[in-house]
Amino acid sequence: DGGITQSPKYLFRKEGQNVTLSCEQNLNHDAMYWYRQDPGQGLRLIYYSQIVNDFQKGDIAEGYSVSREKKESFPLTVTSAQKNPTAFYLCASSVPGLAAYEQYFGPGTRLTVT
Amino acid sequence: AQKVTQAQTEISVVEKEDVTLDCVYETRDTTYYLFWYKQPPSGELVFLIRRNSFDEQNEISGRYSWNFQKSTSSFNFTITASQVVDSAVYFCALSVNTGRRALTFGSGTRLQVQP
C-alpha cells in the first residue's frame, strides 16, 4: 500500500528536550512538506523540500530543523528553541512539487511538551 | 503573497440539509490552483478537489459540488443532503507556480451534521 507514514501518533516530551518526528513515503514523490496545525487554525508551513539534499524554510521555521538525505524520508526535529512546540504536525508529499499537484498527507503526530 | 479566507468558523446543520462552505482567495498570480481538503476527527487530511485558474466550470461529484467564480475570487463548496459522516473540518487552499509552490491554507470550517 502506497502512502505516507508518520510515527508516533502521540508524542510527549519534557520542555528543553529536542524531539524528532518521523515522516516516510513510498509514493516516489519528489517533494515533501511539514506543516503545523494549532487548534482552530489552518496549517502553516514549517519546511519543504523539492528534491533530495535540498530544503527551504517555510513561514514558521524558527526552532525547527529538517534533513532530506533520502527521497523517502523527511524527518523534522523540534528543538528546545521552539517556544511553543505543542501542536499537531502533518507531513505531506507531492509529485513533482509543482503547484498543480495535490499534496498527500500523513496521519499526523500530536506533540505535547510539558 | 497568497491568502485564503474561510469566514465561517463553525457550521451546524441537521442531516439531509444542504450546506455551503465559503472560500475567498487572494493572489496576484494569473495561474493558480485551488484545493479543498477534508480533515475528519482522525486528523489526516483527505484531498477532495483541485481546480486551476483557467477552468471556471463548476464540478459535481456525488453529493459534493464546487462553484468557482474568478470575478469574486471565490471557490465555494456545497454538500447536498448532508450526512453525519460529513462532519469534519474542511480546508480551502491555494498554490501558485512561483516561489515555493506550497499550499496556503484557510483557517478551516468545522461542519457538524446532527442526526
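The values are calculated or read from the model by the stated rules, or taken from the named source; none is laboratory data. Being a predicted model, the structure only gives us computed values, none of them experimental. Heads up, the Cβs are rebuilt from the backbone with ideal geometry, glycines too, and the neighbour counts pull from every protein chain shown.
Can you tell which of B:89, B:113 is touching a helix residue (DSSP H, G or I) at 6+ places or on another chain (Cβ under 6 Å), modelled with pLDDT of 95 or more and surrounded by 14 or more Cβ atoms within 10 Å (Cβ to Cβ)? Reasoning before the result, please.
Details: B:89 fails: touching a helix residue (DSSP H, G or I) at 6+ places or on another chain (Cβ under 6 Å).
Being touching a helix residue (DSSP H, G or I) at 6+ places or on another chain (Cβ under 6 Å), modelled with pLDDT of 95 or more and surrounded by 14 or more Cβ atoms within 10 Å (Cβ to Cβ) holds for just one of B:89, B:113, which is B:113.
Yes or no: region B:25-43 includes at least one residue that is away from chain A (no Cβ under 14 Å) and either in contact (Cβ under 8 Å) with a residue 12 or more places away in the chain or surrounded by 13 or more Cβ atoms within 10 Å (Cβ to Cβ) (or both).
yes
I'd like to verify a number: residues in region B:78-115 that are more than 30 Å from residue A:56 (Cβ to Cβ) and not hydroxyl-bearing (Ser, Thr, Tyr), how many?
Counting residues in region B:78-115 that are more than 30 Å from residue A:56 (Cβ to Cβ) and not hydroxyl-bearing (Ser, Thr, Tyr) gives 13.
Give A:102, A:62 a once-over and let me know the one that is on the phi < 0 side of the Ramachandran plot, assigned to a loop (DSSP other than H, G, I, E, B) and at the interface with chain B (Cβ under 7 Å from one of its Cβ atoms).
Just a single option satisfies the conditions, and that option is A:102.
Say we look at region A:1-29 and pick out the residues that are among the acidic types (Asp, Glu) and more than 11 Å from residue A:74 (Cβ to Cβ); which of these is surrounded by the fewest Cβ atoms within 10 Å (Cβ to Cβ)?
A:1
In this structure, is residue A:36 in contact with a strand residue (DSSP E or B) (Cβ under 6 Å, 6 or more places away or on another chain), within 30 Å of residue B:11 (Cα to Cα), assigned to a strand (DSSP E or B) and free of Cβ contacts under 8 Å to residues at least 40 places away in the same chain?
Answer is no for this residue.
For residue B:49, which of the numbered conditions (1) in contact with a Ser or Thr (Cβ under 9 Å, 6 or more places away or on another chain); (2) touching a residue at least 40 places away in the same chain (Cβ under 8 Å); (3) within 11 Å of chain A (Cβ to nearest Cβ) fails to hold?
It fails just one condition, (2).
Is at least one residue of region A:43-55 within 11 Å of chain B (Cβ to nearest Cβ), of a type in the set (Val, Ile, Thr) and assigned to a strand (DSSP E or B)?
Yes, region A:43-55 contains at least one residue that is within 11 Å of chain B (Cβ to nearest Cβ), of a type in the set (Val, Ile, Thr) and assigned to a strand (DSSP E or B).
Of the conditions (1) of a type outside the set (Lys, Arg); (2) within 30 Å of residue B:30 (Cβ to Cβ); (3) at pLDDT 95 or above, residue A:100 satisfies every one except a single condition; which number is it?
Checking residue A:100 against (1) of a type outside the set (Lys, Arg); (2) within 30 Å of residue B:30 (Cβ to Cβ); (3) at pLDDT 95 or above, the one that fails is (3).
Restricting the search to region B:54-87, which residues are more than 14 Å from residue B:20 (Cβ to Cβ), without any contact (Cβ under 8 Å) to a residue 24 or more places away in the chain and either within 14 Å of chain A (Cβ to nearest Cβ) or hydroxyl-bearing (Ser, Thr, Tyr) (or both)?
Selection gives B:54, B:55, B:61, B:71.
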